[in-house]
1. State the number of residues belonging to region 214-226 that are at pLDDT 95 or above and among the aliphatic types (A, V, I, L, M).
2. For region 458-482: of the residues being at pLDDT 95 or above and in a helix (DSSP H, G or I), which is farthest from the chain's Cα centre (by Cα)?
3. Determine which single condition LEU214 fails, assuming it passes every other condition in (1) open to solvent by 10 Å² or more (accessible area, probe 1.4 Å); (2) hydrophobic (A, V, I, L, M, F, W, C); (3) assigned to a strand (DSSP E or B).
4. Report yes if VAL111 is farther than 20 Å from ASP187 by Cα and among the β-branched types (Val, Ile, Thr), otherwise no.
5. Please go through region 427-457 and give me each residue that is aliphatic (A, V, I, L, M), part of a loop (DSSP other than H, G, I, E, B) and over 16 Å from SER268 (Cα atoms), ordered by number.
6. Being outside any helix (DSSP H, G or I), among the acidic types (Asp, Glu) and either open to solvent by less than 60 Å² (accessible area, probe 1.4 Å) or at pLDDT below 95 (or both) is the requirement here; does GLU370 meet it?
7. For region 110-161, how many residues are in a helix (DSSP H, G or I), of a type in the set (Gly, Ala, Ser) and surrounded by 14 or more Cβ atoms within 10 Å (Cβ to Cβ)?
8. Scan region 249-277 residue by residue and report those that are outside any loop (DSSP other than H, G, I, E, B) and among the aliphatic types (A, V, I, L, M).
Amino acid sequence: MSETPDIISAEPTQAATQPQPNLLDRALDNLRTRWREIAASARGVVGAPPRASLPKEDAERLKEQIEACLEARGGEVSARARAAQLGRTYLALDPQGRRNFLMMLARDFDVDRAAVDEAMGVFLAATDPVARGHAERALRRALEPPRLRLLTQFNGLPEGVKFLVDLRAELMEMARGEPLLQALEDDLKSLLRNWFDVGFLEMHRITWDSPASLLEKLIKYEAVHEISGWQDLKDRLDSDRRCFAFFHPRMPNEPLIFVEVALVEGMSDNVQELLDPSAPVCDPKSADSAIFYSISNAQVGLTGISFGNFLIKRVVDGLTGEFPNIKCFATLSPIPGFRRWLDRELDQRGEALLTPSEAERIAERLAERESDLEGKPILAAALEVGGWHKDEELQKRLRGPLMRLCAHYLTTARASDRRSERPDGARARALDPVAHFHLSNGARMERLNWLADTSAKGLKQSCGMMINYRYKLSEIDANHEAYTGEGKVNASSSIRSLGKGGA
């Protein structure tokens, strides 16, 4: 199954595009308090705290403390106390100090290459099965970097898992262009992937009666359609709405990912209407469709760890049991990459994106408005007209070409992603991150909706268009295999016909 998208995940990767608060700073006071007593028993061996920037001499002293922690001097209780003190030390550092700390961890506590070479020699020299088994186990131990054992010790501390999730969120930013930190980030991702296996996760419905602290987090973490306040949130948790989230036992008060669902009649085609606070509340028992209109990753530090697809399937199973009349499970999804792709195409191909008749009709309307083309492609000039979507005649003339180009983008544009490269050299991954997420999970592209999101964000990302991805239980597995194995995009005839003629 797919990983949650790495960008614009909200659909699960949208959260990554929004400015993120410093998550470790947010946890600073709470963790300091909770770990103070644990760390107190290590005061005799920890010594004076390092300076905030962690200069070289302080880093060397901290390195000795890490070595003592790894050697479990004084037993497990002392090792746990040292881990708590190291965590508190890290939280007290400034950005440069944290970088120095992580660079030391990446450089000085990596795999011992000499030990690996020695273990490999013993393994190659082993002849009988028993000796070979011992050598294999010794080689595995040698290949495990000591820093992994240190990070694992945080698992036993209060909120230690949350600390590591937030640590990875910070490390992901630092690791760009820095191979040593990238290797450390890969180790931490592997550790978290094992801890956050979907078998450990619990799905819970979130309602207006849920704890206020949890409801506050929904407002904060919503990454697709901003929640404007408490009344907006209450509307999204009304009787004809559902919200489900995954939780981990070691992070019971922190949603990992959540999905918002509207129970309606018919497949929704406009998000403003779906979220209209003045719209009447529907009887959920009369609904025939469940529309997934927002899927948000709540933890940046878990980016690339897959569980969004499992959440959707569990929600579908749960709603099927609760509302047997619901036969249509679909999304109303953003198309976050379309405008970026279109701008690149306009730069490269300009007027060639339009047929002569399309170009003529748009140019006529721009002339009537006395718009200055300034040597720009006609389509680019039209989209720069302020409020173009409110000009009934202009948007009518733009609808055909933009719908055609968007359908072409969704069904044919591919990402240059080495992770999705197939043996035959083809690229299986759809360029649009939300499309990739839903296609990987077995959905079908069902319907493209014109001016379905006329918010500033919707117009900027996709010229106001949105798409319905449909989940048919009988087709999910086959669609998933066709996409991940062959790169096949399952799209309805209506979308296929829109995209004919290409770009």
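The values are calculated or read from the model by the stated rules, or taken from the named source; none is laboratory data. Predicted model only: the values in this text are computed from it and were never measured. Heads up, the Cβs are rebuilt from the backbone with ideal geometry, glycines too, and the neighbour counts pull from every protein chain shown. Remember, those area values only see protein heavy atoms, side chains included, never the ligands or the DNA or RNA. Shrake-Rupley method; radii C 1.70, N 1.55, O 1.52, S 1.80 Å.
1. 4
2. My answer is LEU459.
3. Going through (1) open to solvent by 10 Å² or more (accessible area, probe 1.4 Å); (2) hydrophobic (A, V, I, L, M, F, W, C); (3) assigned to a strand (DSSP E or B) one by one, LEU214 breaks only (3).
4. Details: farther than 20 Å from ASP187 by Cα: no; among the β-branched types (Val, Ile, Thr): yes.
Criteria not met by VAL111.
5. Step one: list which residues in region 427-457 are aliphatic (A, V, I, L, M), which gives 428, 430-431, 434-435, 439, 443, 445, 448, 451-452, 456.
Still in the list and also part of a loop (DSSP other than H, G, I, E, B): 428, 431, 443, 451-452.
Of everything in region 427-457, those that are aliphatic (A, V, I, L, M), part of a loop (DSSP other than H, G, I, E, B) and over 16 Å from SER268 (Cα atoms) turn out to be ALA428, LEU431, ALA443.
6. Numbers: outside any helix (DSSP H, G or I): yes; among the acidic types (Asp, Glu): yes; either open to solvent by less than 60 Å² (accessible area, probe 1.4 Å) or at pLDDT below 95 (or both): yes.
Answer is yes for this residue.
7. Going residue by residue through region 110-161, those that are in a helix (DSSP H, G or I) are 113-125, 129-143, 146-156, 160-161.
Narrowing the set further to residues that are of a type in the set (Gly, Ala, Ser) leaves 114-115, 119, 121, 125, 131, 133, 135, 138, 142, 156, 160.
Next, from what is left, pick out any that are surrounded by 14 or more Cβ atoms within 10 Å (Cβ to Cβ): 115, 119, 135, 138, 142, 156, 160.
The qualifying residues number 7.
8. Here is the first cut: in region 249-277, the ones outside any loop (DSSP other than H, G, I, E, B) are 251, 257-264, 271-274.
Residues satisfying the conditions are MET251, ILE257, VAL259, VAL261, ALA262, LEU263, VAL264, VAL271, LEU274.
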